[in-house]
Amino acid sequence: MHVPDREAEVLSQVPRQMLRPESSSPPGPAESLCETIDACLDRYTDLQDDCPGPLRGAIRYSLLSPGKRLRPRLVLMAAEACGGTAEAALPAACAVEMVHAYSLVHDDLPAMDDDALRRGQPTCHKAFGEALAILAGDALLTLAFETMAKGIEPPATAARCCAELAQAAGATALVGGQADDLEGTTGPCDLAQLERVHRRKTGAMFRVALRLGAIVASASSTELEAVDQFGTHLGLAFQITDDLLDVAGDPDAVGKQVGKDADRGRLSYPGITGIEASRQRVAMLIDQACAAVAPLGSRGAALIALARATVARDR
Ligand code: IPE
Ligand code: IPE
Ligand code: MG
Ligand code: MG
Ligand code: MG
């Protein structure tokens, strides 16, 4: 595999503990889903023809770095929970991770959160420069839609998935929430407003991850509604937990700078209501998420386990 010099050099600086643990025991279900997703992401970003080497390096550096792959795992698990196969949902899973990776690259830029560390390694703009980081984000976002348009069958399902993901990533959801988040630096905010920002900047991508898995699996309306509600509750719980990690997380484990929300005057759940009330809100949302998938019976068990593990995380 061709690895541009800068990518290899920067990857060599990744702290060992941030890389996926190497184990001699066989991979568990989570690791094996991550391996399947990573192999697919690797293939989709091979980009040998006509993609400038430094741009390819920045794209792969950001996408293939050791994230939790939570959203693509949710796509695959939702597909299986609705009676479909993970294999058919892989293009949607990879597309969701591409949009997520782009959103992180742009979120870290000096004009946004101005962060230096992501997934335990220098942020894309620190490693490749600001202009290339912006372009890598642009490329990841567009590649997501190409991946689904070409990879999902039948074409009508592909078109529906593209429309759903575009909406979740767009001005009324992710991008709108990010814009509101920047505004948060200028004035006071109540919990209802904060939840609205969190639901859009983060929750929408969780919700669409579940919806895409269900849609590819030709889910019934009851199944689609069940996983949609699960994703809505989990997405908000996830961002509150991210806010908690920013306040009380271990930077080595988290893999990004901590304590920055307060420094920047950013909207954060513990910043408004304190740590204990934030933890209680997370627990309530996870109970609601688990209750939402009751109609799926035992097919919802893997989603429930993932939701509980996600909010107990340290990174
Ligand atoms: C980070 O998401 C951005 C938020 C929405 C809080 P993750 O914590 O899922 O990031 P990775 O993909 O594991 O790095
Ligand atoms: C980011 O929220 C949400 C995105 C859409 C990327 P944060 O700004 O809190 O995410 P981190 O803490 O940088 O990962
Ligand atoms: Mg941000
Ligand atoms: Mg940020
Ligand atoms: Mg954060």
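The values are calculated or read from the model by the stated rules, or taken from the named source; none is laboratory data. Remember, predicted model here, so these are calculated numbers, not experimental data. Reconstructed Cβ throughout: ideal geometry from the backbone, glycine too, with neighbour counts over all protein chains shown.
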Checking the conditions here, which among 109, 135, 140, 104 is outside any helix (DSSP H, G or I), buried (at least 17 other Cβ atoms within 10 Å of the Cβ), modelled with pLDDT of 95 or more and not basic (Lys, Arg)?
109
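Residue-wise test of (1) under 29 Å from residue 65 (Cα atoms); (2) basic (Lys, Arg); (3) surrounded by fewer than 17 Cβ atoms within 10 Å (Cβ to Cβ).
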{"position": "241", "(1), (2), (3)": "yes, no, no"}
{"position": "269", "(1), (2), (3)": "yes, no, no"}
{"position": "298", "(1), (2), (3)": "no, no, yes"}
{"position": "303", "(1), (2), (3)": "yes, no, no"}
{"position": "312", "(1), (2), (3)": "yes, no, yes"}
Being more than 14 Å from ligand 3 (Cβ to nearest atom) and β-branched (Val, Ile, Thr) is the filter; apply it to region 96-155 and report the residue that is farthest from residue 206 (Cα to Cα).
134
Would you pick out the residues in region 34-53 that are crowded, with 18+ Cβ neighbours inside 10 Å and under 24 Å from residue 117 (Cα atoms)?
34, 37, 38, 41, 45
What's the number of the only condition in (1) in contact (Cβ under 8 Å) with a residue 60 or more places away in the chain; (2) of a type outside the set (Ser, Thr, Tyr); (3) within 30 Å of residue 78 (Cα to Cα); (4) away from ligand 1 (no atom under 14 Å from the Cβ) that residue 138 fails to meet?
(1)
On the given criteria, is residue 219 surrounded by 22 or more Cβ atoms within 10 Å (Cβ to Cβ) and under 22 Å from residue 82 (Cβ atoms)?
yes
Please determine whether any residue of region 187-208 is over 22 Å from residue 112 (Cα atoms) and of a type in the set (Phe, Trp, Tyr).
no
When region 266-282 is checked residue by residue, the ones that are more than 16 Å from residue 190 (Cβ to Cβ) and either in contact (Cβ under 8 Å) with a residue 12 or more places away in the chain or within 18 Å of the chain's Cα centre (by Cα) (or both) are 275, 279, 282
Those helices (runs of 4 or more DSSP H) completely within region 176-269 that have 2 or more residues that are among the β-branched types (Val, Ile, Thr) are 204-216, 221-248
Considering only region 76-129, state which residues are of a type outside the set (Gly, Ala, Ser), farther than 18 Å from residue 228 by Cβ and more than 16 Å from ligand 4 (Cβ to nearest atom).
85, 87, 90, 91, 94, 97, 98, 128
Determine if region 276-287 includes at least one residue that is more than 12 Å from ligand 1 (Cβ to nearest atom), in a helix (DSSP H, G or I), hydrophobic (A, V, I, L, M, F, W, C) and in contact with a Leu (Cβ under 6 Å, 6 or more places away or on another chain).
yes
Can residue 299 be described as closer than 28 Å to residue 117 by Cβ, in contact (Cβ under 8 Å) with a residue 40 or more places away in the chain and part of a helix (DSSP H, G or I)?
no
Go over the candidates 245, 234 one by one and state the one that is at pLDDT 95 or above, within 16 Å of ligand 5 (Cβ to nearest atom) and not β-branched (Val, Ile, Thr).
245
Result of the Cβ filter at 6 Å on region 86-113, keeping first residues that are touching a residue at least 24 places away in the same chain (Cβ under 8 Å) and partners that are away from ligand 3 (no atom under 16 Å from the Cβ) and of a type in the set (Asp, Glu), at least 6 apart or interchain, is 86/80
Filter result for residue 74 (touching a residue at least 60 places away in the same chain (Cβ under 8 Å) and buried (at least 17 other Cβ atoms within 10 Å of the Cβ)):
yes
